[in-house]
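Participant: Okay, here's the structure, questions in a sec.
The values are calculated or read from the model by the stated rules, or taken from the named source; none is laboratory data. Because the structure is predicted, anything quoted here is derived from the model rather than measured. Every residue, glycine as well, gets a Cβ built from its backbone with ideal geometry; the counts of neighbours run over all protein chains shown. Just the protein is used for accessible areas: all its heavy atoms, side chains included, with ligands, DNA and RNA removed. Shrake-Rupley method; radii C 1.70, N 1.55, O 1.52, S 1.80 Å.
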Amino acid sequence: MSGSCYCNILRKASRRLTAVYDEALAPAGVNLAQYSLLRSIERKAPVSLTELGQITELDRSTVGRNARVLERMGLVAFSPGEDQRETMLSLTGHGKDTLIRGKPLWGTAQDRVEASLGADGGEKLRELLQAI
């Protein structure tokens with residue numbers, strides 16, 4: 001094995017990258033994880049916790065805990081599904097407004113990251129990460 005551990009390098013980079021987006025999204029009142037979950041809910045709403053877990057590649061219990069935080073923030077609403085064992089999620093008006101406020105903030109973070117990676121660095125990074 002040569003060099004540093006790929007996993008450690010990627011985890012450190014992920015924390016730094018997340019901090020950039022968290023800072024940018026702060027005026028909208030959400031962090032990157034919350035904003036991303038809201039966007040996933042928006043795309044599929046109403047969406048079950050199980051399906052949301054599959055979409056986000058997160059454990060259903062993790063998605064449920066994170067969704068409860070969003071509910072307490074007034075950003076999402078829970079409702080029963082067709083199958084009474086399933087819970088469905090959708091955005092509230094406040095959740096939709098938060099996404100609208102967050103979109104240009106997220107774009108600013110995206111531009112900042114792309115500028116730091118250089119002209120073709122962003123595309124190379126996407127290709128490398130998708131290969132994993």
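Participant: Please go through the stretch 105-132 and pick out each residue that is open to solvent by 80 Å² or more (accessible area, probe 1.4 Å), within 20 Å of the chain's Cα centre (by Cα) and within 20 Å of Ala24 (Cβ to Cβ).
Facilitator: Matches in the stretch 105-132: Thr108, Asp111, Arg112, Arg126.
Participant: Answer yes if at least one residue in the stretch 22-35 is open to solvent by less than 20 Å² (accessible area, probe 1.4 Å) and over 25 Å from Arg126 (Cβ atoms), and no otherwise.
Facilitator: no
Participant: Report the residue count in the stretch 111-122 for those that are of a type outside the set (Gly, Ala, Ser), assigned to a helix (DSSP H, G or I) and without any contact (Cβ under 8 Å) to a residue 60 or more places away in the chain.
Facilitator: 3
Participant: From (1) loosely packed, with under 14 Cβ neighbours inside 10 Å; (2) more than 16 Å from the chain's Cα centre (by Cα), pick out the condition that doesn't hold for Ser48.
Facilitator: Here Ser48 meets the rest and fails (1).
Participant: So, one more: Report yes if Leu10 is of a type in the set (A, V, I, L, M, F, W, C) and under 12 Å from the mean Cα position of the chain (by Cα), otherwise no.
Facilitator: No, not satisfied.
Participant: Could you say which residue among Gly102, Gly74 is surrounded by fewer than 16 Cβ atoms within 10 Å (Cβ to Cβ) and touching a helix residue (DSSP H, G or I) at 6+ places or on another chain (Cβ under 7 Å)?
Facilitator: So the residue among Gly102, Gly74 that is surrounded by fewer than 16 Cβ atoms within 10 Å (Cβ to Cβ) and touching a helix residue (DSSP H, G or I) at 6+ places or on another chain (Cβ under 7 Å) is Gly74.
Participant: I need every pair where a residue in the stretch 34-55 that is more than 19 Å from Asp97 (Cβ to Cβ) and free of Cβ contacts under 8 Å to residues at least 24 places away in the same chain has its Cβ under 8 Å from the Cβ of a residue that is open to solvent by less than 70 Å² (accessible area, probe 1.4 Å) and of a type in the set (Gly, Ala, Ser), sequence separation at least 6 or different chains.
Facilitator: Ile55/Ser40
Participant: Among the residues of the stretch 69-107, write down those that are closer than 16 Å to Lys44 by Cβ and part of a helix (DSSP H, G or I).
Facilitator: Leu70, Gly95, Lys96, Leu99
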